[in-house]
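Engineer: Can you keep this structure in mind? I'll have questions shortly.
The values are calculated or read from the model by the stated rules, or taken from the named source; none is laboratory data. Everything quoted here is computed from the prediction, not taken from an experiment. With ideal geometry, Cβ positions are generated from the backbone for all residues, glycine too; neighbour counts draw on all protein chains shown. The protein model used for the area step is the full one, side chains on, heavy atoms only, and it has no ligands, DNA or RNA in it. Shrake-Rupley method; radii C 1.70, N 1.55, O 1.52, S 1.80 Å.
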Amino acid sequence: NRLLLLFILLLTFSGSLQASQAVVRLATTTSTYNSGLLGHLLPQFEQQHGIRVQVLSVGTGQALKLGQDGDVDLVMTHAPAAEEAFVEAGHGIEPRSLMYNDYVLVGPKSDPLNLEQAEGILDALEKIHQRNHVFVSRGDDSGTHKKELELWSQAGLQPTFRNYRAVGQGMGRVLTMSSEMQGYTLTDRGTWLPMRARLDLALLYEGGIDLANPYQVILVNPQRHPAINQQGARLLRDWLISEEGQALINSFTVDGDPLFFADAN
């Protein structure tokens with residue numbers, strides 16, 4: 001009887017281990033989820049490999065914290081300085097470039113501050129600051145929020161003016177709120193393009209190296225967290241940066257406009 005009980009326990013443990021290895025936990029940004037990119041990519045991977053990908057869509061800061069705590073197997077984020085610190089601290093290994101797009105400044109179609117004529121993104125922010133116009137910030141430690149704060153700093157400004165609204169929301173909600181308030185906001189192009197038809201906003205400023213938005217995929221360090229699905233995470237990472245994964249990223253468009261540009265090579 002004791003041998004039978006031991007055999008049953010071993011079978012149960014083996015089954016639960018196999019089940020856990022059949023799921024890969026990916027922490028990623030709201031932009032890759034809300035844009036529809038993951039819905040375009042992941043079913044192909046899951047069908048090919050028989051592995052289910054569990055997506056946790058949060059801001060970059062939260063995604064990296066999930067990786068640091070071993071609550072996910074890999075991260076896909078877009079905040080280079082934070083990612084470098086994550087790897088240097090030993091929380092992540094083997095960072096790989098995945099893709100890029102850019103940030104754009106959107107606001108009221110009437111463009112009351114004439115930001116379409118701005119000399120650069122810093123000039124546009126200075127005009128918003130001087131005129132105390134509504135600016136909706138994600139305020140959520142996401143990659144977009146980090147970039148926005150970096151730009152304010154580069155402009156030599158503190159975003160503490162009366163109509164600066166840090167709302168602690170994802171990009172989709174911030175765009176909706178900006179439309180309702182007729183305010184300006186910084187958004188990644190990948191979230192803007194699928195939503196623009198539903199918003200009373202216009203793209204007012206784009207372009208320049210200051211607004212580049214690179215994405216990386218980083219494996220969580222298995223030496224820190226031996227229980228993670230290291231094999232599944234590596235399989236997903238390798239597929240994303242493979243010719244097939246990169247071609248699928250490039251093929252993802254909205255009304256003919258690409259949302260992301262593959263960049264693994």
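Engineer: Per residue, what accessible area does the chain have, given a 1.4 Å probe and all protein chains present, in Å²?
Structural biologist: Result: 47 Å² of accessible area for each residue.
Engineer: Next question, about the same structure. How would 206, 148 rank on accessible area, largest to smallest, probe 1.4 Å?
Structural biologist: 206, 148
Engineer: Any chance you could get the radius of gyration and Dmax over the Cα atoms of the chain, in Å?
Structural biologist: For the chain, the Cα radius of gyration and maximum Cα-Cα distance read 20.9, 82 Å.
Engineer: What GluC sites (Glu not before Pro) does region 47-128 have in DSSP loop regions with at most 13 other beta carbons within 10 Å?
Structural biologist: Values: sites: 83, 84, 88, 116, 119, 126; in loops: 119.
In loop regions of region 47-128 (DSSP not H, G, I, E or B), the sparsely surrounded GluC sites (Glu not before Pro) are 119.
Engineer: If you count only protein heavy atoms and use a 1.4 Å probe, how large is the accessible surface of residue 196, to the nearest 10 Å²?
Structural biologist: 70 Å²
Engineer: Angle between the Cα long axis of helix 2-21 and the longest principal axis of the chain, 0 to 90 degrees, nearest 10?
Structural biologist: 30 degrees
Engineer: Hey, another quick one. Have a look at the DSSP beta bridges in the chain and tell me what percent are antiparallel, nearest 5.
Structural biologist: 65 percent
Engineer: Whole angstrom only: what separates the Cα centroid of region 95-119 from the Cα centroid of region 220-247?
Structural biologist: 32 Å
Engineer: Would you work out the relative contact order for region 39-191, in percent, from Cα pairs under 8 angstrom that are 6 or more residues apart?
Structural biologist: With pairs under 8 Å counted, the relative contact order is 27 percent.
Engineer: If you add up the charges near residue 217, with Lys and Arg at +1 and Asp and Glu at -1, over every other residue whose beta carbon is less than 13 angstrom from its beta carbon, what do you get?
Structural biologist: Local net charge: -2.
Engineer: In whole percent, how big is the carbon plus sulfur part of the accessible area of the chain, probe 1.4 Å, protein atoms only? Can you show the working numbers first?
Structural biologist: Values: 6340 of 12440 Å².
It is 51 percent, rounded to a whole number.
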